[in-house]
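Before any comments, here is the structure.
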Amino acid sequence: MEQEVPRQAGLGAPGFWHDFLLGMLKPVAATAVVAMAVALSFAQRLGLEREMLYAAARAFLQLTVVGFVLHFIFSQKHALLILLAYLFMVTVAGYTAGQRAKHVPGSKHIGFVSILVGTAITMLVIVALKVFPFTPRYIIPVAGMLVGCAMTVTGVTMKKLREDVKDQRNLVETALALGATPREATLQQVKSSLGIALAPVIDNAKTVGLISLPAAMTGFIMGGASPLEAIQLQIVVKNMVVAANTVSSIVSSYLCWTAFFTDAFQLKDEPLSLVCWRTASTHLRAANFIGVEPLTKKTSIVGDLRRTSHATTSLLEQVPRQAGLGEPGFWHDFLLGMLKPLAATAVVAMARLGLEREMLYATARAFLQLSVVGFVLHFIFAQKSALWILLAYLFMVTVAGYTAGQRAKHVPGGKHIACVSILIGTAITMIALVALKVFPFTPRYIIPVAGMMVGNAMTVTGVAMKKLREDVKIQRDMVETALALGATPRQATLQHVRRSLGIALSPVIDSAKTLGLISLPGSMSGLIMGGASPLEAIQLQIVVTNMLIGANTVSGIVSSYLCWTTFFNKAFQLKDEVFADK
């Protein structure tokens with residue numbers, strides 16, 4: 001059996017600070033990979049050194065504060081604190097979504113209401129079905145994931161809807177002149193904006209588990225759960241995300257288009273400074289539009305739920321461990337555990353948008369894929385062989401390299417470049433973390449952690465290669481002029497390499513800066529639900545953040561170096577076939 005790390009003492013208990021500071025040694029040790037990324041950035045003159053250090057330091061401080069806040073909430077075992085934490089996340093997310101669609105009248109208010117309605121309805125259904133108990137260990141992490149996803153979808157919906165109505169204003173006004181209601185006149189624009197906003201959620205559900213393990217599932221596994229228990233959790237989370245995003249986006253689109261019209265049903269020439277709250281009838285109509293009965297009675301959630309004796313009791317302690325594959329009672333435990341994912345599909349049924357078939361297909365596909373992944377991981381974990389760990393890692397790298405190469409398909413040998421880049425970046429980072437004893441070399445840690453690194457490195461590598469080719473193509477005259485003046489191919493494309501790497505790495509750096517401000521990271525959420533304390537979870541999340549910065553930087557630099565060399569022939573001339581329109 002794998003050795004388990006003793007749980008840290010509670011805040012105020014004897015030995016707490018000793019355990020906490022001892023636990024922080026691993027995040028501190030993991031800063032070595034950030035130092036590696038900074039050194040590479042300096043050597044390649046990318047100019048990202050300060051931003052990387054600032055992002056890593058800010059993530060460290062923010063997550064530490066979040067850990068102590070959650071530790072306090074968990075220890076209080078009070079429903080009011082759960083609701084306050086939830087409302088805080090919704091408020092910040094609503095403000096952020098409104099900032100993205102700042103030209104929409106009252107966008108921040110619309111964002112707040114939409115995210116609140118979508119996530120609250122989903123959470124109420126899940127709690128009512130007893131998929132999750134109403135305790136901070138489950139509600140806060142799950143709500144955080146839902147709020148973060150709903151924020152993105154809501155912002156995109158509002159921004160896209162305004163742009164479509166603006167671009168097709170003549171069509172909308174013609175429909176109004178022919179007697180259509182504002183709702184009928186903007187129906188196509190609403191459907192288009194909702195389709196675009198929800199497409200990433202649906203596509204993600206289709207591919208979940210194929211390239212890398214989802215973050216929540218990863219954290220749950222490292223928290224001590226078996227792979228089969230982890231996939232049950234992930235299926236529930238995936239269904240909740242689809243449902244919450246759908247409801248939030250529909251509510252936002254309804255509240256959004258009503259703000260575009262005057263009381264005479266005419267399009268407003270200029271955006272209003274304040275949202276036009278349509279009184280209670282508007283909210284009732286919005287509820288009818290999404291197919292949800294409006295709440296007419298004051299509901300007491302806490303009074304209807306069975307209180308547990310300890311709010312911080314983990315799933316590992318509440319639910320008996322499932323039997324191992326082949327052991328007596330295995331199939332009984334597994335099928336019983338799958339009842340919660342099946343119950344969670346009820347929230348998907350709330351979505352009525354014309355995307356029903358695609359949503360059901362994505363949900364069913366995610367269900368099957370994750371189930372297969374769970375059994376494969378269950379087998380690998382049981383073998384406890386380094387060979388199986390390496391085979392699983394190489395499989396993920398191969399699939400990720402192929403996918404990244406597809407995104408940059410006009411780059412010669414893009415798939416091979418991506419495979420090599422992802423392999424080098426993730427392998428160097430993983431070896432450093434194992435050598436520093438941040439993670440033990442066991443499948444429970446190596447496979448999930450490698451999966452996260454491979455998935456992120458795939459995105460960075462694909463973007464870096466694609467952007468580099470596009471920049472060189474657009475500024476081909478400048479590159480050829482530099483070559484004619486005696487510059488080497490490396491010197492002639494240096495600015496383009498810097499720009500492409502800056503764009504590819506910016507999401508990773510920006511994500512590190514905002515960790516814990518709006519929602520909890522998936523791996524941290526999974527670890528908390530897996531039984532870890534919030535302070536233990538933030539220690540892992542800091543390590544994950546540092547390793548992603550390191551792995552992505554190495555993979556991005558290697559891919560850009562291997563990429564630009566394919567643009568030139570032996571005479572140091574740009575190849576016409578690489579930049580031809582295809």
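The values are calculated or read from the model by the stated rules, or taken from the named source; none is laboratory data. Keep in mind it's a predicted model, so treat the numbers as computed, not measured. Cβ placement follows ideal geometry from the backbone for every residue including glycine, while neighbour counts extend to all protein chains displayed.
Considering each residue of region 119-155, count those that are among the β-branched types (Val, Ile, Thr) and outside any helix (DSSP H, G or I), and give that number. Walk me through it before giving the result.
Applying the first criterion (among the β-branched types (Val, Ile, Thr)) to region 119-155 yields 119, 121-122, 125-127, 131, 135, 139-140, 142, 147, 152-154.
Add one more test, that the residue is outside any helix (DSSP H, G or I), and what stays is 131, 135.
Number of matching residues: 2.
Right, ALA120: crowded, with 24+ Cβ neighbours inside 10 Å, among the aliphatic types (A, V, I, L, M) and closer than 22 Å to LEU70 by Cα or not?
Numbers: crowded, with 24+ Cβ neighbours inside 10 Å: no; among the aliphatic types (A, V, I, L, M): yes; closer than 22 Å to LEU70 by Cα: yes.
No; evaluated as a whole, the condition is false for this residue.
State whether one or more residues within region 171-194 are part of a helix (DSSP H, G or I), touching a residue at least 12 places away in the same chain (Cβ under 8 Å), under 25 Å from PHE367 (Cα atoms) and not basic (Lys, Arg).
Yes: region 171-194 contains one or more residues that are part of a helix (DSSP H, G or I), touching a residue at least 12 places away in the same chain (Cβ under 8 Å), under 25 Å from PHE367 (Cα atoms) and not basic (Lys, Arg).
Go through region 542-582 and report how many residues are under 16 Å from GLY405 (Cβ atoms) and of a type in the set (D, E, K, R).
The total comes to 1.
Output the qualifying pairs, or none if there are none: Cβ atoms under 6 angstrom, residues six or more apart or on different chains, first residue in region 134-156 and modelled with pLDDT of 90 or more, second residue of a type in the set (Ser, Thr, Tyr) and outside any helix (DSSP H, G or I).
VAL147/SER519
Of the residues in region 87-113, how many are among the aliphatic types (A, V, I, L, M) and more than 19 Å from the chain's Cα centre (by Cα)?
Selection size over region 87-113: 5.
Taking only region 157-200 into account, find how many residues are closer than 30 Å to ILE231 by Cα and surrounded by fewer than 21 Cβ atoms within 10 Å (Cβ to Cβ).
Here the count works out to 4.
Condition first: among the polar types (S, T, N, Q) and either outside any helix (DSSP H, G or I) or not assigned by TED's automatic domain parsing to the domain that holds VAL372 (or both). Now tell me which residues in region 211-243 satisfy that.
Within region 211-243, SER212, SER226 meet the criteria.
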